[in-house]
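Report on one structure; see the data block that follows.
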Amino acid sequence: MRGRWWLAVVRPQGKREGTWALPKGLVDPGESPAETALREGFEETGVTGRIEAKLGDVRYIYTWDGERVFKIVSFFLARAEKGRIGALPPGMEVEVAEARWLPLAEAPTLLAYRGERDMATRAVEALADDPL
């Protein structure tokens, strides 16, 4: 794994093999979006990290029980600190089928959702001049 940047991704439960997404979730009361990113990252991958920078927001609309829902998801660049990818806290297997490392340079083509691919591209750009 040395010599290049890596990205922690998940295959959400119920999604087919090869469907990779970034960890994300709802902001808990009293929690900032950055705190949510770190918590969700750990819960869904087993890895703790520290925030380096905000990458941006993805906005989208979906339908749930016949109602349109507008959602904003904030994404952050974080550096892994400790933990083991895939060693999920108890109970998280209901949300996550698999967690793994992907080469960051390949993430803009391997992630399933356009907004997340855009965030991976921003991460590649943000780290372009950052030595490993």
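The values are calculated or read from the model by the stated rules, or taken from the named source; none is laboratory data. Not measured: the values here are computed from a predicted model. Cβ placement follows ideal geometry from the backbone for every residue including glycine, while neighbour counts extend to all protein chains displayed. Only protein heavy atoms, including side chains, enter the accessible area calculation; ligands, DNA and RNA are left aside. Shrake-Rupley method; radii C 1.70, N 1.55, O 1.52, S 1.80 Å.
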The chain: angle of helix 114-126 to the longest principal axis, Cα-based, in degrees nearest 10: 30
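In whole percent, what relative contact order does segment 12-132 give with Cα contacts below 8 Å and a gap of six or more residues? Mind dumping the intermediate values first?
Working: 176 pairs, mean separation 32.8, N = 121.
Relative CO of segment 12-132 lands at 27 percent.
Where nothing but the Cβ of Lys and Arg (+1) and of Asp and Glu (-1) is charged, how large is the charge dipole of the chain around its Cα centre, in debye to the nearest 20?
320
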How much area per residue is accessible in segment 1-62 when the probe is 1.4 Å and only protein heavy atoms are counted (Å²)? 60
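Mind checking Rg over Rh on the chain, alpha carbons, Kirkwood formula for Rh?
On the way: Rg = 14.5 Å, Rh = 15.3 Å.
With Rg and the Kirkwood Rh in hand, the quotient comes to 0.95.
In the chain, what percentage of the DSSP-assigned beta bridges are antiparallel, given to the nearest 5? Before the final figure, lay out each step's value.
Values: 24 of 25 bridges.
Antiparallel: roughly 95 percent of the beta bridges in the chain.
When the helices in the chain are scored as -39500 (n - 2.57) per DSSP H run of 4 or longer and the sum is shared across all residues, what 222 nm value do you end up with, to the nearest 500 deg cm²/dmol?
When only DSSP H runs of four or more count, the value is -6500 deg cm²/dmol.
Tell me the carbon and sulfur percent of the accessible area for the chain, rounded to whole percent, probe radius 1.4 Å.
Working: 4350 of 8380 Å².
So the carbon and sulfur contribution to the accessible surface is 52 percent.
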